[in-house]
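To start, the structure under review is shown below, and the notes come after it.
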Amino acid sequence: MNTLPPALIRSLQHAKGFDEETFRAVHEQGGQITSVRRNPGKTFNVQHSIFNSSLEAVPWSSNGYYLPGRPSFTSDPLFHAGAYYVQEASSMFLEEALKQAVDLTQPLRVLDLCAAPGGKSTLLQSVLARDSLLVSNEVIKTRVTILAENISKWGTVNVVVTNNDPKDFQRLENYFDLVVVDAPCSGSGLFRKDPAAIAEWSENNVALCAQRQQRILADIMPALKEGGILIYSTCSYSPEEDEEIADWLLEEFKVESVKLNVKEAWGIIETVSAKYNSPGYRFYPGRVQGEGFFIAAFRKAGNSPGVQRQKVKTKKDTEGVTKKELDVIRPFLAEADGFFFFRQHEQVIAMPRGMEDDLKLLQASLYIKKAGIRTGAVIRDELVPEHEFAVSTIISHTVKRFEVDTETALKYLRREEIKIDTGDKGWALICFGHLPLGWIKLLGNRINNYYPANWRILNR
Ligand code: SAM
């Protein structure tokens, strides 16, 4: 274990809840906690899964569980089917913050600004009302791919993945009801999990991170509706990135802090900022079963209704889809009526009905990596289906499917040849624990494996 930076320890001496001895001890012991969050949008057979035995629940999460050890997630077909997300337990507190600060029964426009690899976005997808719209954004291009992949696996349709700089959202003034900023930070909260990160920590970097956090927040505030909620979080212990950012926000913007209730048994420490007594919530390993984390909620002043749905000129890549194409696609859909369809090149994409204008507005303002669910392309009256349709929550249960054992599932996920005893022809789903893993095409005497080449498992 690398030595904890003395400057970090010094800066925490006055932080509420900080106990140097316990802090040093948990880092020296280096114990590892593994937690996962189940996908409530997917029902599966738990018999051959990590959920087979009774697991300890993460106290502030309705779908989070601690695992007794760290299994090989790569060798678990259900991981690839989007049955759960491996997420650090403290950060699952976002659910509790949302429950207390936001009316989750309402359809909301939500932005997860710093979203890759998708932990907060998949959590948001599980707690937002069905007709809410989530914009899941990541500025770094190379990280958007994994974000889009994790969103696809989670399977929900009411999400748009974007690749934009925070300042680009100024084109969407007064638009979002909820903005989550899980800010890039100096990362001290993850020292126990990743001791190598200790060597990279410096006071200078904390200062740079704080400046960047201010810039990100200043850029995004105009896009938050009056009366809307901002959730700010970091995995840093440094007050400069936590309480001092809260003070800066209160000084610079018309916002008020939102106090959250935490149960004493949870071990979470409520702190207040030095200048404006703004409440924030600190997670210290040793006090909570999780890593270092900070979260705070704010409400933007005012109550103007925000952006109303408005007509934006249709862009070229959203041309109509023919009735004939829809007749081919509909039998694959769990609910045929809940969607509108648009085209991107030959692909037909489904999004929830009622989000047409929002999509057009987002298309006019942002770079969209992915929107809704790509169902596939209709070629010669046949759907050539997309992988993300197979693992989505909108795929019909009537699509032909074959349940396979672990060995066959892993072969399939490695994109190897698999054998299934059937003389049928056409598209079908390979399932494990009743959850689709992806498509195969039955050709009578053999089977083509359509698992995406770039998602396949590489190790054996
Ligand atoms: N919310 C994610 C999750 O739960 O899986 C983790 C987000 S991570 C703490 C911070 C993210 O902010 C990273 O994906 C990083 O690429 C992104 N980021 C880095 N610089 C940024 C900037 N200047 N503006 C916005 N986001 C930035």
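The values are calculated or read from the model by the stated rules, or taken from the named source; none is laboratory data. Note that the coordinates shown come from a computational prediction; the quantities given were computed from them, not determined experimentally. Note that we place each Cβ from the backbone using ideal geometry, even for glycine, and neighbour counts take in every protein chain shown. Keep in mind that these areas ignore ligands, DNA and RNA; they rest on the heavy atoms of the full protein, side chains included. Shrake-Rupley method; radii C 1.70, N 1.55, O 1.52, S 1.80 Å.
Annotations for the structure displayed:
- Flag if K167 is within 12 Å of the ligand (Cβ to nearest atom) and open to solvent by 30 Å² or more (accessible area, probe 1.4 Å): yes
- Residue under evaluation L78, criteria (1) free of Cβ contacts under 8 Å to residues at least 24 places away in the same chain; (2) more than 23 Å from L190 (Cα to Cα), criterion not met: (1)
- Some residue of segment 192-214 being in contact with a Gly (Cβ under 6 Å, 6 or more places away or on another chain) and within 13 Å of the ligand (Cβ to nearest atom): yes
- The single condition from (1) open to solvent by less than 10 Å² (accessible area, probe 1.4 Å); (2) touching a residue at least 60 places away in the same chain (Cβ under 8 Å); (3) closer than 25 Å to F339 by Cβ that A377 fails is (2).
- Beta carbons closer than 6 Å, at least 6 apart along the sequence or on distinct chains, pair a first residue in segment 193-217 that is under 22 Å from A297 (Cβ atoms) with a second that is within 15 Å of the ligand (Cβ to nearest atom) and polar (S, T, N, Q) for C209/S186.
- Taking the conditions (1) open to solvent by 50 Å² or more (accessible area, probe 1.4 Å); (2) part of a loop (DSSP other than H, G, I, E, B) in turn, N454 satisfies each one other than (2).
- For segment 152-181, a tally of residues being assigned to a loop (DSSP other than H, G, I, E, B) and not aromatic (F, W, Y) returns 9.
- Search result, residues across segment 224-245 that are in a strand (DSSP E or B), within 14 Å of A297 (Cβ to Cβ) and not hydroxyl-bearing (S, T, Y): L224, G227, G228, I229, L230, I231
- Filter pass, R446 being open to solvent by 60 Å² or more (accessible area, probe 1.4 Å) and farther than 24 Å from I146 by Cα: yes
- When the test is whether a residue is surrounded by fewer than 15 Cβ atoms within 10 Å (Cβ to Cβ) and either closer than 26 Å to E95 by Cβ or of a type in the set (V, I, T) (or both), K263 passes it.
- Selection count where residues are in contact with a Phe, Trp or Tyr (Cβ under 9 Å, 6 or more places away or on another chain) and outside any loop (DSSP other than H, G, I, E, B), scope segment 273-294: 8
- So S396, is it at pLDDT 95 or above, hydroxyl-bearing (S, T, Y) and buried (at least 19 other Cβ atoms within 10 Å of the Cβ): no
- Per the listing I349, I373, the residue uniquely more than 16 Å from V135 (Cα to Cα) and modelled with pLDDT of 95 or more is I349.
- Taken over segment 215-239, the criterion of being away from the ligand (no atom under 16 Å from the Cβ) and in contact with a helix residue (DSSP H, G or I) (Cβ under 9 Å, 6 or more places away or on another chain) is satisfied by I229, P239.
- Looking only at segment 408-443, and only at residues there that are hydroxyl-bearing (S, T, Y) and modelled with pLDDT of 95 or more, the one that is most open to solvent (accessible area, probe 1.4 Å): T408
- Qualifying residue in segment 234-246 (condition: in contact with a Gly (Cβ under 7 Å, 6 or more places away or on another chain) and open to solvent by 10 Å² or more (accessible area, probe 1.4 Å)): yes
- When residues in segment 206-221 are screened for being surrounded by 16 or more Cβ atoms within 10 Å (Cβ to Cβ) and farther than 19 Å from I295 by Cα, 1 of them pass.
- Restricted to segment 68-151, the set of helices (runs of 4 or more DSSP H) holding at least 1 residues that are open to solvent by 10 Å² or more (accessible area, probe 1.4 Å) and within 15 Å of the ligand (Cβ to nearest atom) comprises 119-127.
- Some residue of segment 275-282 being at pLDDT 95 or above, of a type in the set (S, T, N, Q) and open to solvent by less than 10 Å² (accessible area, probe 1.4 Å): yes
- Flag for T393 being touching a helix residue (DSSP H, G or I) at 6+ places or on another chain (Cβ under 8 Å), of a type in the set (V, I, T) and not in a strand (DSSP E or B): no
- Pairs, first without any contact (Cβ under 8 Å) to a residue 40 or more places away in the chain in segment 42-56, second of a type in the set (D, E) and in a loop (DSSP other than H, G, I, E, B), C-beta under 9 Å, six or more apart: I50/D76
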